[in-house]
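Okay, so here's the structure we're looking at.
The values are calculated or read from the model by the stated rules, or taken from the named source; none is laboratory data. All of these numbers come straight from a predicted model, not from anything done at the bench. Don't worry about glycine lacking a Cβ; one is built from the backbone with ideal geometry, like all the others, and counts go over all protein chains shown. SASA here: full protein model, heavy atoms, side chains in, ligands and nucleic acids out. Shrake-Rupley method; radii C 1.70, N 1.55, O 1.52, S 1.80 Å.
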Amino acid sequence: MTSFVLRPADPSDAPRIAVWMAQPHVRRWWQQGWSVERWAQEIEQQAAGEHSRPYVVTLDGEEFAYVELYRVRHDRLADYYPYDVEDRGVHVAIGDGTRVGRGLGRLLLREVADTVLRSEPSCPRVVAEPDLENTPSVRAFAAAGFVQSGELQLPEKTAVLMVRTRAVQEA
C-alpha cells in the first residue's frame, strides 16, 4: 500500500521546490521556474494567508512532490465556474522525474482528495484545472475519481475543470 506523507512546506524547502519547478515536465505546466528566493517568499506568503497551503510530499522517506491546497473562493478560479464557498482546489507537481509515469500522481490525488473530503465535512468537492494539453495530468485526475466538468478559458491556458465529489469518495 502506498502511503504518502504531506507536511507543510516552509521557506527552507524553497531550494528543493525551485529545482522541481525548473524541471521541464513541471515548468511547462506550472510556469513558475522561479528563483529560490522567490519560492521562499511564495511559501511564506501562502503560509501567512487564507488562500492556499503549500505541502511537500514524501513517499518511502523521500521527498518527491509539491502540493498546494487552496480555497476556491479566494482564488482566481472562482471567476470561471459556479463554485461552492467550501470548494477546495488542488495543484500537484511531481518534481522528482524518476517518479513520473508510475501511477503515483493518481494515487496521490486520490489520497489528497479523500483526506480533504473526510477532514472537512462542509467541503462538497475538490477541484483542479489542469491544462487541456496536459494529457498525463488530466488522465491522472480521471483515474483518481475526478470527473471532467467542462473547459475553462484562463488567461494562460485552456483548462479542464476536474471535479471530485463527496459521492465519489463514498462510493
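Rounded to the nearest 20 Debye, what is the dipole magnitude of the stretch 1-112 about its Cα centre when Lys and Arg each give +1 and Asp and Glu each give -1 at the C-beta?
400 debye
Between Asp79 and Trp29, what length comes free when the chain is fully extended (0.36 nm per residue of separation minus the Cα-Cα distance, one decimal in nm)?
Stretched out fully, the Asp79 to Trp29 stretch lengthens by 15.9 nm.
Between Glu63, Glu37, Glu129, which gets the highest mean-square fluctuation from a Gaussian network model of the chain, Cα cutoff 10 Å?
Looking only at Glu63, Glu37, Glu129, the biggest GNM fluctuation is shown by Glu37.
Could you point to the label whose value was computed as Rg and Dmax of the Cα atoms in Å for the structure here, given [x] 21.0, 77; [y] 24.8, 95; [z] 15.0, 44?
Given [x] 21.0, 77; [y] 24.8, 95; [z] 15.0, 44, the structure-derived one carries the label [z].
Per residue, how much accessible area does the stretch 1-143 have with a 1.4 Å probe, in Å²?
52 Å²
Which value in Å does the Kirkwood hydrodynamic radius of the stretch 1-96 take, with 1/r averaged over all unlike C-alpha pairs and then inverted?
14.0 Å
When the helices in the chain are scored as -39500 (n - 2.57) per DSSP H run of 4 or longer and the sum is shared across all residues, what 222 nm value do you end up with, to the nearest 500 deg cm²/dmol?
On the way: 6 runs with 59 residues, N = 171.
The helix-only estimate for the chain comes to -10000 deg cm²/dmol at 222 nm.
Select from Tyr83, Tyr55, Tyr66 the residue whose mean-square fluctuation is largest in a Gaussian network model of the chain (Cα-Cα springs shorter than 10 Å).
Tyr83
Just check the stretch 82-171 against the gyration tensor rule for me: Cα atoms, a ≥ b ≥ c as the square roots of the eigenvalues, rounded for a/c under 1.5, and otherwise prolate or oblate depending on whether a/b exceeds b/c.
oblate
Considering all projection directions equally, how large on average is the shadow of the alpha-carbon convex hull of the stretch 118-171, in square nanometres?
4.1 nm²
Using amide H atoms built in the peptide plane, which far-off residues or other-chain residues are under 5 Å from Leu154 H to H?
Amide H neighbours of Leu154, under 5 Å, 5+ apart: Ala159.
Which helices count as membrane-span-like in the chain under these terms: full DSSP H, at least 15 Å along the axis by C-alpha, Kyte-Doolittle mean of -0.5 or more?
Span-like helices in the chain: 104-119.
Which residue fluctuates the most in the chain, going by a Gaussian network model with Cα springs under 10 Å, if the choices are Arg125, Arg102, Arg71?
Maximum among the listed residues: Arg102.
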